[in-house]
2 protein chains.
Amino acid sequence: MDLQNLNNPNNHLNFSGGPGALPESVLNATQTAIINVPEVGLSLLGISHRSDWLRNVLDETEENLRNLLSIPKNYHVLFLQGGSSLQFSMIPMNFLRGNRKVAEYIVSGYWSIKSVPEARKEGQVQVVWDGGDSSYKRLPTAEELVLSSDAAYLHYVSNETVEGLQFSYLPGIAGIPLICDMSSDFLSQPVPVERYALIYAHAQKNLGPAGVTVVLLRDDLVHTIPSGLHSMLDYRTHIVGKSIYNTPPVFALYVIMLVTRWLRKDIGGLAAMAKINATKAATLYKVLDESGGFYQGHAVREYRSVMNVAFRLANRDLERLFLKTAVENGFYGLDGHRSIGGLRASLYNAVTQSGVEALAGFMHDFQQRYG
Amino acid sequence: MDLQNLNNPNNHLNFSGGPGALPESVLNATQTAIINVPEVGLSLLGISHRSDWLRNVLDETEENLRNLLSIPKNYHVLFLQGGSSLQFSMIPMNFLRGNRKVAEYIVSGYWSIKSVPEARKEGQVQVVWDGGDSSYKRLPTAEELVLSSDAAYLHYVSNETVEGLQFSYLPGIAGIPLICDMSSDFLSQPVPVERYALIYAHAQKNLGPAGVTVVLLRDDLVHTIPSGLHSMLDYRTHIVGKSIYNTPPVFALYVIMLVTRWLRKDIGGLAAMAKINATKAATLYKVLDESGGFYQGHAVREYRSVMNVAFRLANRDLERLFLKTAVENGFYGLDGHRSIGGLRASLYNAVTQSGVEALAGFMHDFQQRYG
């Protein structure tokens, strides 16, 4: 068996909404480590999480993230389990429980909808935007948001993965803690971390394999956490435990280190990454815009996501044919989320411009044939 | 680069307390899948968790577990995140909150100690055994346990990983739900699942990579869960969601499927596995017993664990020399848990008899030289 033969060309044409494609160099290094982490001489899957080696992995990953995002010193960087779904609960447990203030939530699509019921279990919640109608084709403008100057916090989702909607500005008002679910555009572009109280993002879009959630938490918030929380659900546990209070998913953490290293060294940072991502998205939206309505984008133009291009064809039969033909031509993961159907091309960091151009070419051909 | 050269011989001499060694054939199949899951044509790390492929992975794993453990039909098999530490909280949230009954806990070592404070956050807890003195060198006999016939449940740890103590009988009384943390001896031997209400085990001992916790839950308990729990912390969410309510750690689940397949097909089931494990443990305890006190076992003989052999040398300097010499000779992971120090050889399923014999030989030689 030869490693070269294992390098299947399909991975760079994976447009899955998540878990998403990872860079080829990261996959190659990970493959080696499954049998032998070079600096340890053991399988990646059998190394103790209390080893100096894992501490170095976590330290480098944190350092890479601090460098990439210019994270200020007064922010903790945590690696947790349970996905963003557990953050939907941990955030109100830590910052709304026992608080007489109201937590404000912007509901702009599938993922932000899911965070609200969990928050209501801990205190008062005000939905400050509910999407207007129920189709979530656009985001609120800053002017449309009527916000309290006395809220516990404002929660929003920077990029709605399912609908393909992305904020191009920071909502909120000065002095109110701003909390953001950045799961699907984290590390896709520079972000002014210092304007947030808490940022969270699960790994399986731009960061690595599913099973890890990164939390950036401003230190002053830590002092407001109520007592009596369950250990695993209290951010302080993981700050004190340096993200190894209990056994973390060692494998996923190692891959995340490799991905953040790739972003720093191979890509050259988030400004460079953002430029690449903007070009990829422009390439694909151009296909939609020039299709004369054959490909119908879901999002209103000003709110289009650079990460997730959600679109439809005239009917479900044609969409099924599109998906079938796509797979036959080596394009994977193009089905839309089950909640809204349709089609979706996710252009996470590891998807290359050449991959997007190949997809654009395929979409042209498909339209010529069936348009 | 040649795969053959990547196969480092050290993996079969990894005696780590966890994450522990995995079978070589599993590592090889996993390595291939990092670039290309043969039946999909994509990297294991980029496959959607909503794919038919992952559903098949979960279904096969459940089927393997049901076969290996003869799990009755009225038990749910769940794959969760957060480790056993999150189970310490989920169990009392689901089965003690709002309950006027008292939950009974057997405290027999490091891990059972940690479960009690979380339970106290949800209701009344009675510690029915506290180890006698604080050194946890033995377990209670059935006669020593004074149990209520009206408890909410009885919780215990079947194998204390740190101290190397293992129950050889099932504690508890008929009619009271028996809940067991089986993290470090799950799948090491047959277990009468039908006598338990809930069994949980994190993966990183005998099952696969860290990041997954298996829960076996008897259906009648589900109907007693109170309302108002956070979605991710309510067992019903994961029953309804068939373990993919949110994105699961796809990688770890795939490896667990391979390990359970290996147990069924290569090992031939848990009775065969138990026999192998008993021989391994006997080989190593013989070294301790015949060392004339050079190697001092931690556990009282009748309570010795088949999985974890905890022992000491005369002083810390000699232990440090042992660890250093061991690594030089290719034996890894032999340091004791940080809470009690000393030394520990963990003999999880993937550790082979030949590996244990090699360790026994090394220990003989070390004694000859320094005894």
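So which residues in the stretch A:130-154 are under 22 Å from the mean Cα position of the chain (by Cα), part of a loop (DSSP other than H, G, I, E, B) and surrounded by 21 or more Cβ atoms within 10 Å (Cβ to Cβ)?
A:GLY131, A:TYR136, A:LEU139 - these are the residues of the stretch A:130-154 that are under 22 Å from the mean Cα position of the chain (by Cα), part of a loop (DSSP other than H, G, I, E, B) and surrounded by 21 or more Cβ atoms within 10 Å (Cβ to Cβ).
I need a count of the residues in the stretch A:111-129 that are within 18 Å of A:CYS180 (Cβ to Cβ) and either open to solvent by 50 Å² or more (accessible area, probe 1.4 Å) or at pLDDT below 95 (or both). Break it down stepwise before answering.
So in the stretch A:111-129, the residues within 18 Å of A:CYS180 (Cβ to Cβ) come out as A:111-116, A:118-119, A:125-129.
Filter once more, so that each one left must be either open to solvent by 50 Å² or more (accessible area, probe 1.4 Å) or at pLDDT below 95 (or both): A:111, A:113, A:126.
Looking only at that region, the number is 3.
I want to confirm something. Restricting to the stretch B:56-69 and keeping residues that are in contact (Cβ under 8 Å) with a residue 24 or more places away in the chain and more than 19 Å from the chain's Cα centre (by Cα), which single residue is farthest from A:ASN10 (Cα to Cα)?
Pass one, the stretch B:56-69, residues in contact (Cβ under 8 Å) with a residue 24 or more places away in the chain: B:57-58, B:60-61, B:64-65, B:67-69.
Imposing the further condition that a residue be more than 19 Å from the chain's Cα centre (by Cα) reduces the set to B:57-58, B:60.
Working: B:VAL57: 21, B:LEU58: 24, B:GLU60: 26 Å.
Among those that are in contact (Cβ under 8 Å) with a residue 24 or more places away in the chain and more than 19 Å from the chain's Cα centre (by Cα), it is B:GLU60.
Output the residues belonging to the stretch B:212-239 that are more than 14 Å from every other protein chain (Cβ to nearest Cβ) and either modelled with pLDDT under 95 or over 30 Å from A:ILE34 (Cβ atoms) (or both). Spell out the reasoning first.
Initially, the stretch B:212-239 is screened for residues more than 14 Å from every other protein chain (Cβ to nearest Cβ), giving B:214-225, B:235-236, B:239.
Scanning the stretch B:212-239 gives B:LEU217, B:ARG218, B:ASP219, B:ASP220, B:LEU221, B:VAL222, B:HIS223, B:THR224, B:ILE225, B:TYR235, B:ARG236, B:ILE239.
Restricting the stretch A:19-43 to residues that are more than 7 Å from chain B (Cβ to nearest Cβ) and small (Gly, Ala, Ser), which is farthest from A:MET182 (Cα to Cα)? Talk me through it step by step, then tell me what you get.
Step one: list which residues in the stretch A:19-43 are more than 7 Å from chain B (Cβ to nearest Cβ), which gives A:23-26, A:28-29, A:33, A:37-40.
Going one step further and asking which of them are small (Gly, Ala, Ser), we end up with A:25, A:29, A:33.
Numbers: A:SER25: 25, A:ALA29: 27, A:ALA33: 29 Å.
Filtering first and then ranking leaves A:ALA33.
Output the residues belonging to the stretch B:160-207 that are of a type in the set (Val, Ile, Thr), buried (at least 19 other Cβ atoms within 10 Å of the Cβ) and away from chain A (no Cβ under 14 Å). It would help to see each step written out before you state the result.
To start, the set of residues in the stretch B:160-207 that are of a type in the set (Val, Ile, Thr) comprises B:161-162, B:173, B:176, B:179, B:191, B:193, B:199.
Next, from what is left, pick out any that are buried (at least 19 other Cβ atoms within 10 Å of the Cβ): B:161-162, B:179, B:191, B:199.
Answer for the stretch B:160-207, where residues must be of a type in the set (Val, Ile, Thr), buried (at least 19 other Cβ atoms within 10 Å of the Cβ) and away from chain A (no Cβ under 14 Å): B:ILE179, B:VAL191, B:ILE199.
Looking at this structure, is A:TYR303 more than 14 Å from chain B (Cβ to nearest Cβ), touching a residue at least 24 places away in the same chain (Cβ under 8 Å) and either of a type outside the set (Lys, Arg) or open to solvent by 60 Å² or more (accessible area, probe 1.4 Å) (or both)?
Numbers: more than 14 Å from chain B (Cβ to nearest Cβ): yes; touching a residue at least 24 places away in the same chain (Cβ under 8 Å): yes; either of a type outside the set (Lys, Arg) or open to solvent by 60 Å² or more (accessible area, probe 1.4 Å) (or both): yes.
In short, yes.
Looking at this structure, is A:GLY82 within 14 Å of another protein chain (Cβ to nearest Cβ) and at positive phi? Talk me through it step by step, then tell me what you get.
Numbers: within 14 Å of another protein chain (Cβ to nearest Cβ): yes; at positive phi: yes.
So A:GLY82 fits the description; yes.
Of all residues in the stretch B:309-351, how many are open to solvent by 10 Å² or more (accessible area, probe 1.4 Å), modelled with pLDDT of 95 or more and of a type in the set (Val, Ile, Thr)?
Counting residues in the stretch B:309-351 that are open to solvent by 10 Å² or more (accessible area, probe 1.4 Å), modelled with pLDDT of 95 or more and of a type in the set (Val, Ile, Thr) gives 1.
Any residue in the stretch B:106-131 that's under 25 Å from B:SER305 (Cα atoms): show its pairings with residues that are of a type in the set (D, E, K, R) and open to solvent by 60 Å² or more (accessible area, probe 1.4 Å) at Cβ separation under 7 Å, as long as the two are six or more apart or on different chains.
Every condition considered, the pairs that remain are B:VAL107/B:ASP130; B:TRP129/B:GLU144.
Test of understanding: among B:PRO19, B:PRO23, B:PRO38, which residue is under 25 Å from the mean Cα position of the chain (by Cα) and at pLDDT below 90? Give the derivation first.
Values: B:PRO23 fails: at pLDDT below 90; B:PRO38 fails: under 25 Å from the mean Cα position of the chain (by Cα).
The unique qualifying residue is B:PRO19.
Pairs under 9 Å by beta carbon, first residue not assigned by TED's automatic domain parsing to the domain that holds A:LEU258 in the stretch A:33-54, partner buried (at least 21 other Cβ atoms within 10 Å of the Cβ) and modelled with pLDDT of 90 or more, six or more apart or different chains?
Going by the 9 Å Cβ cut-off, there are no qualifying pairs.
Quick one: is A:GLY82 modelled with pLDDT of 90 or more and open to solvent by less than 50 Å² (accessible area, probe 1.4 Å)?
Against the criterion (modelled with pLDDT of 90 or more and open to solvent by less than 50 Å² (accessible area, probe 1.4 Å)), A:GLY82 qualifies.
Looking only at residues in the stretch A:70-90 that are in a helix (DSSP H, G or I) and not polar (S, T, N, Q), which one is nearest to the chain's Cα centre (by Cα)?
In the first step, residues of the stretch A:70-90 are kept if they are in a helix (DSSP H, G or I); the result is A:83-90.
Retained after the next criterion (residues that are not polar (S, T, N, Q)): A:83, A:86, A:88, A:90.
On the way: A:GLY83: 11, A:LEU86: 15, A:PHE88: 14, A:MET90: 18 Å.
Out of the qualifying residues, it is A:GLY83.
Within the stretch A:208-229, work out how many residues are closer than 24 Å to A:PRO72 by Cβ and either buried (at least 21 other Cβ atoms within 10 Å of the Cβ) or not hydroxyl-bearing (Ser, Thr, Tyr) (or both).
Residues meeting the conditions: 14.
I need every pair where a residue in the stretch A:327-343 that is not assigned by TED's automatic domain parsing to the domain that holds A:SER354 has its Cβ under 7 Å from the Cβ of a residue that is among the β-branched types (Val, Ile, Thr) and open to solvent by less than 60 Å² (accessible area, probe 1.4 Å), sequence separation at least 6 or different chains.
none
Looking at A:LYS242, A:LYS275, which is the one that is basic (Lys, Arg) and part of a loop (DSSP other than H, G, I, E, B)? First the steps, then the outcome.
Numbers: A:LYS275 fails: part of a loop (DSSP other than H, G, I, E, B).
Result of the check over A:LYS242, A:LYS275: A:LYS242.
From (1) in the same structural domain as B:GLU60 (by TED's automatic domain parsing); (2) touching a helix residue (DSSP H, G or I) at 6+ places or on another chain (Cβ under 8 Å); (3) touching a residue at least 40 places away in the same chain (Cβ under 8 Å), pick out the condition that doesn't hold for B:HIS238.
Unmet for B:HIS238, out of (1) in the same structural domain as B:GLU60 (by TED's automatic domain parsing); (2) touching a helix residue (DSSP H, G or I) at 6+ places or on another chain (Cβ under 8 Å); (3) touching a residue at least 40 places away in the same chain (Cβ under 8 Å): (2).
Mind checking whether some residue in the stretch A:155-173 is more than 16 Å from the chain's Cα centre (by Cα), under 22 Å from A:VAL306 (Cα atoms) and not in a loop (DSSP other than H, G, I, E, B)?
Within the stretch A:155-173, not a single residue is more than 16 Å from the chain's Cα centre (by Cα), under 22 Å from A:VAL306 (Cα atoms) and not in a loop (DSSP other than H, G, I, E, B).
All but one of (1) touching a residue at least 40 places away in the same chain (Cβ under 8 Å); (2) among the aliphatic types (A, V, I, L, M); (3) open to solvent by less than 30 Å² (accessible area, probe 1.4 Å) hold for B:MET232; which doesn't?
The number of the failed condition is (1).
Assess whether A:ARG261 counts as being among the basic types (Lys, Arg), touching a residue at least 12 places away in the same chain (Cβ under 8 Å) and either within 14 Å of another protein chain (Cβ to nearest Cβ) or surrounded by fewer than 16 Cβ atoms within 10 Å (Cβ to Cβ) (or both).
Values: among the basic types (Lys, Arg): yes; touching a residue at least 12 places away in the same chain (Cβ under 8 Å): yes; either within 14 Å of another protein chain (Cβ to nearest Cβ) or surrounded by fewer than 16 Cβ atoms within 10 Å (Cβ to Cβ) (or both): no.
No.
Tell me, yes or no, whether the stretch B:1-10 has at least one residue that is in a helix (DSSP H, G or I), modelled with pLDDT of 95 or more, open to solvent by 10 Å² or more (accessible area, probe 1.4 Å) and over 29 Å from A:VAL259 (Cβ atoms). Spell out the reasoning first.
Step one: list which residues in the stretch B:1-10 are in a helix (DSSP H, G or I), which gives B:3-6, B:9-10.
Those still in the list that are modelled with pLDDT of 95 or more too: none.
No, every residue in the stretch B:1-10 fails to be in a helix (DSSP H, G or I), modelled with pLDDT of 95 or more, open to solvent by 10 Å² or more (accessible area, probe 1.4 Å) and over 29 Å from A:VAL259 (Cβ atoms).
Scan the stretch B:19-74 for residues that are β-branched (Val, Ile, Thr), surrounded by 22 or more Cβ atoms within 10 Å (Cβ to Cβ) and in contact with a strand residue (DSSP E or B) (Cβ under 8 Å, 6 or more places away or on another chain) and jot them down.
The answer is B:ILE47, B:THR61.
The values are calculated or read from the model by the stated rules, or taken from the named source; none is laboratory data. Source: prediction; values computed, not measured. Here Cβ is always computed from backbone atoms with ideal geometry, including for glycine, and neighbour counts include all displayed protein chains. Accessible surface is based on the protein model in full, side chains and every heavy atom, while ligands, DNA and RNA are left aside. Shrake-Rupley method; radii C 1.70, N 1.55, O 1.52, S 1.80 Å.
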